[in-house]
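Trainee: I'd like to ask some things about the structure below.
The values are calculated or read from the model by the stated rules, or taken from the named source; none is laboratory data. All of these numbers come straight from a predicted model, not from anything done at the bench. Positions of Cβ are generated from backbone atoms using ideal geometry, with glycine treated the same way; all protein chains shown enter the neighbour counts.
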Amino acid sequence: MRAAWERARSYFPGRTWLVVPGTHFMAHGFDPEGELFMEVHESAFLTLCAANARTFRPGSVVSEYARMRREPDGREAAAFREKTGRLEPRFRDEASLAVLAAALGRDGYGGLLRALREEDHHMLAGGLMHEGVHAGLDDALAGRVRSEFEAGDLPVQWDEARAFMAEIAFHGLQARRFGAELAAGRERTAALLGRLEPLRKKGTLGRAADRAVYETLAAGLGAEIALGRLWMRELWQSARRVEGLLGNLRRDYIRPGAPEELEGPLAALERDAARFAAAAGEAIGANELALRDVETLLGQWDEWAAGTRPFPPPITDSNAIVRRAGAVVWTAPPFDGALALMRLAGRALDRQRSPW
């Protein structure tokens, strides 16, 4: 949160305000002297970012989770359990956490905490990019464009169109990244499931070395499940944010009579965004079922490892999960259309800057 605040202040030196309680995400306006100012509002995203940064710092996660479990309403603890899944017991004390860290390795453990700590950062980053586009515009030009739009002389408030498209393009890139993360996680999960198979020949995990191998693989799979759900949450946030931004732009900053060079591509982008959100929702649902299957399979392996089940689950179950997860398609998000419209708005602003 501190980094976001400092970034915002750098956009509007001396004219950036933190609004508590907040009513928006971020906002900007003009002061009585006609200069742009920026407001960063207290919001659910800002609060969650601050909480995640506090909770998932190395060295603080055990004490933070203990604090959550002491809270009477239990909401924070429930959210923590949902995020960490089958890894949750490892965060209850330092000794258990050390076992998890050793099983995942320095990079794996550090990557897991970092991803959990940075959840929702892309939402703040998109808002900052939006406001940063405004910050780069001459105050007088921005004021004139706004005044002409409000007077009905311009059908499009081009500075807003450009800023909205910058944020939409950013979320398209983020959604592409989350899809790539999910595809990579699927491959890692399949590899970890394959590495469980040699343990089947052991009969039991009586040897310490065999048990250590199992604990390492089980921890890795638990981390992949947690990360998969994290990437799905963030992918869905970006998909919905794009739809919300398009709706707000259309409602607030575009009037009848907008030029066809904007109207046609914007309508196409709206259709693409709706199709992407629908496809993302379907893929997330299918992938969640696959992750639940991995959890069920791991639970059966756990029972065998504990000696309460005579055999591990059959390899056909693992193969079926891998096939099911492999059938999930992460559709490419709309990006190029937003980028083209951002450039179109930039050219329109150039014409406003030099109308002759």
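Trainee: Which count do you get for residues in the range 21-69 that are aliphatic (A, V, I, L, M) and farther than 30 Å from Phe164 by Cα?
Mentor: 4
Trainee: Okay, next question. For the range 80-97, does any single residue satisfy the condition of being among the polar types (S, T, N, Q), outside any helix (DSSP H, G or I) and surrounded by 15 or more Cβ atoms within 10 Å (Cβ to Cβ)?
Mentor: Taking the range 80-97 as the starting set, the residues that turn out to be among the polar types (S, T, N, Q) are 84, 96.
When the remaining residues are screened for being outside any helix (DSSP H, G or I), the result is none.
Checked the range 80-97: no residue is among the polar types (S, T, N, Q), outside any helix (DSSP H, G or I) and surrounded by 15 or more Cβ atoms within 10 Å (Cβ to Cβ).
Trainee: For the range 280-329, name all the residues that are buried (at least 17 other Cβ atoms within 10 Å of the Cβ) and not in a helix (DSSP H, G or I).
Mentor: Listed by number, the residues that qualify are Pro312, Pro313, Val328.
Trainee: Moving on. Leu227 - would you say it is over 16 Å from the mean Cα position of the chain (by Cα), at pLDDT 95 or above and not acidic (Asp, Glu)? Let's see the steps before the verdict.
Mentor: Details: over 16 Å from the mean Cα position of the chain (by Cα): no; at pLDDT 95 or above: yes; not acidic (Asp, Glu): yes.
No, not satisfied.
Trainee: Keeping to the range 319-356, report how many residues are within 34 Å of the chain's Cα centre (by Cα), over 27 Å from Ala184 (Cβ atoms) and in contact (Cβ under 8 Å) with a residue 24 or more places away in the chain.
Mentor: So the count comes out to 8.
Trainee: Then there's this: Please verify whether the range 328-339 includes one or more residues that are touching a helix residue (DSSP H, G or I) at 6+ places or on another chain (Cβ under 7 Å), within 30 Å of Glu197 (Cα to Cα) and not aliphatic (A, V, I, L, M). Step through it out loud before you land on a result.
Mentor: Residues of the range 328-339 touching a helix residue (DSSP H, G or I) at 6+ places or on another chain (Cβ under 7 Å): 328-335, 337-339.
Within this subset, residues satisfying the condition of being within 30 Å of Glu197 (Cα to Cα) are 328-330.
Next, from what is left, pick out any that are not aliphatic (A, V, I, L, M): 330.
Checked the range 328-339: at least one residue is touching a helix residue (DSSP H, G or I) at 6+ places or on another chain (Cβ under 7 Å), within 30 Å of Glu197 (Cα to Cα) and not aliphatic (A, V, I, L, M).
Trainee: With Asp159, Asp107, Asp210 as the choices, which residue is surrounded by fewer than 18 Cβ atoms within 10 Å (Cβ to Cβ), touching a Lys or Arg at 6+ places or on another chain (Cβ under 8 Å) and either modelled with pLDDT under 95 or part of a helix (DSSP H, G or I) (or both)?
Mentor: Going through Asp159, Asp107, Asp210 in turn, just one is surrounded by fewer than 18 Cβ atoms within 10 Å (Cβ to Cβ), touching a Lys or Arg at 6+ places or on another chain (Cβ under 8 Å) and either modelled with pLDDT under 95 or part of a helix (DSSP H, G or I) (or both): Asp210.
Trainee: Take Glu76 and decide whether it is touching a Lys or Arg at 6+ places or on another chain (Cβ under 6 Å) and either within 26 Å of Gly222 (Cα to Cα) or part of a helix (DSSP H, G or I) (or both).
Mentor: The answer is no for Glu76.
Trainee: When you go through (1) touching a Ser or Thr at 6+ places or on another chain (Cβ under 9 Å); (2) within 20 Å of Leu298 (Cα to Cα); (3) of a type outside the set (Ser, Thr, Tyr) one by one for Leu87, which number turns out not to apply?
Mentor: Unmet for Leu87, out of (1) touching a Ser or Thr at 6+ places or on another chain (Cβ under 9 Å); (2) within 20 Å of Leu298 (Cα to Cα); (3) of a type outside the set (Ser, Thr, Tyr): (1).
Trainee: Any chance the range 170-178 includes a residue that's touching a Phe, Trp or Tyr at 6+ places or on another chain (Cβ under 6 Å), buried (at least 18 other Cβ atoms within 10 Å of the Cβ) and at pLDDT 95 or above?
Mentor: Checked the range 170-178: at least one residue is touching a Phe, Trp or Tyr at 6+ places or on another chain (Cβ under 6 Å), buried (at least 18 other Cβ atoms within 10 Å of the Cβ) and at pLDDT 95 or above.
Trainee: Still on this structure, I have one more. Give all pairs with beta carbons closer than 6 Å in which a residue from the range 185-206 that is in contact (Cβ under 8 Å) with a residue 60 or more places away in the chain and closer than 17 Å to Ala320 by Cα meets a residue that is of a type in the set (Gly, Ala, Ser) and surrounded by 14 or more Cβ atoms within 10 Å (Cβ to Cβ); count only pairs at least 6 apart in sequence or on separate chains.
Mentor: Short answer, once both residue conditions are applied: Arg186/Ala325; Leu193/Ser318.
Trainee: With (1) of a type in the set (Asp, Glu); (2) modelled with pLDDT of 95 or more; (3) under 27 Å from Arg351 (Cα atoms) as the list, and Asp138 as the residue in question, which single condition is left unmet?
Mentor: (2)
Trainee: To continue, here is another question. Could you please give the count of residues in the range 26-63 that are farther than 27 Å from Tyr109 by Cα and either surrounded by 14 or more Cβ atoms within 10 Å (Cβ to Cβ) or in contact (Cβ under 8 Å) with a residue 24 or more places away in the chain (or both)?
Mentor: Number of matching residues: 14.
Trainee: Separate question: Just the residues that are among the polar types (S, T, N, Q) and closer than 20 Å to Ala184 by Cβ, please, taken from the range 293-318.
Mentor: Ser318
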